Amino acid sequence: MKSSRAKSPRPYRQTSRADAAEETARQILDAFGDSMRRQWFDEVTLEEVAERAGVNVRTVIRRFGGKDGLLEAFVDDFIPSIAIDRTTPPGDVVAAIDRLMDVYETWGDSVIRNLAQEPRHAPLKRLLDLGRERHRNITAETYAPWLGRLAPPERERTLDALVAATDVYVWKLARRDMARSRAETARMMRLLVDAVLKQASAIQGKGSSSA
């Protein structure tokens with residue numbers, strides 16, 4: 001009995017250590033994410049990330065293996081959270097664009113920087129490829145009520161147009177190059193989306209009448 005009681009605290013201590021390690025990893029990823037929002041990837045240093053996370057560089061390296069490993073872990077953590085943040089009811093164009101604006105206002109400048117660095121830093125390609133894939137998938141889900149009525153060739157062409165109309169470069173053109181407000185940028189994006197959806201409805205109507 002004594003032996004059993006003596007061993008009982010071990011799972012608790014192991015769980016506590018695991019929780020502490022997970023919290024440390026979270027702090028490091030949050031610090032890295034904060035750096036990526038503000039700087040070019042090649043400007044981010046492990047020393048800076050460690051300082052923001054309240055740990056030493058050895059801890060960062062031991063957990064993630066360096067900057068490339070840190071980026072990989074960040075991608076695994078970041079992309080699913082963005083997909084959740086963009087979730088809106090299918091067909092709700094206003095909500096979809098507003099949620100997309102939330103994401104671009106937070107991460108748009110970082111994404112534009114990463115796109116510019118993609119040819120120079122191979123680890124960024126996975127992040128950007130996943131971002132492109134998720135953007136297309138979420139756009140397809142959002143505008144499914146219109147896309148679902150179209151034949152496959154027109155459906156793909158219309159989806160291509162919707163992906164382009166809501167791309168981060170549209171946000172960058174309006175917000176940064178034209179210095180438009182968030183509200184004006186959302187209206188511009190809505191005009192583009194509405195034009196695509198109007199064309200999709202016209203195509204669908206012709207198909208119905210010819211049938």
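The values are calculated or read from the model by the stated rules, or taken from the named source; none is laboratory data. Because the structure is a prediction, the values reported are computed rather than measured. A quick note on method: Cβ atoms are made from the backbone with ideal geometry, for glycine too, and the neighbour counts reach across all protein chains shown.
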For ILE112, indicate whether it is modelled with pLDDT under 90 and within 28 Å of ASP194 (Cβ to Cβ). no
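Condition check ((1) assigned to a helix (DSSP H, G or I); (2) loosely packed, with under 10 Cβ neighbours inside 10 Å; (3) modelled with pLDDT of 80 or more) across all residues:
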residue: ARG10; (1), (2), (3): yes, yes, no
residue: SER16; (1), (2), (3): yes, no, no
residue: ASP19; (1), (2), (3): yes, no, no
residue: ASP30; (1), (2), (3): yes, no, yes
residue: ASP34; (1), (2), (3): yes, no, yes
residue: ASP42; (1), (2), (3): yes, no, yes
For segment 15-45, how many residues are touching a Gly at 6+ places or on another chain (Cβ under 9 Å) and free of Cβ contacts under 8 Å to residues at least 24 places away in the same chain? 1
Within segment 69-79, is there a residue that is more than 18 Å from ARG175 (Cβ to Cβ) and surrounded by fewer than 15 Cβ atoms within 10 Å (Cβ to Cβ)? yes
Could you go through segment 71-93 and let me know if any residue there is in contact (Cβ under 8 Å) with a residue 60 or more places away in the chain and of a type in the set (A, V, I, L, M). yes
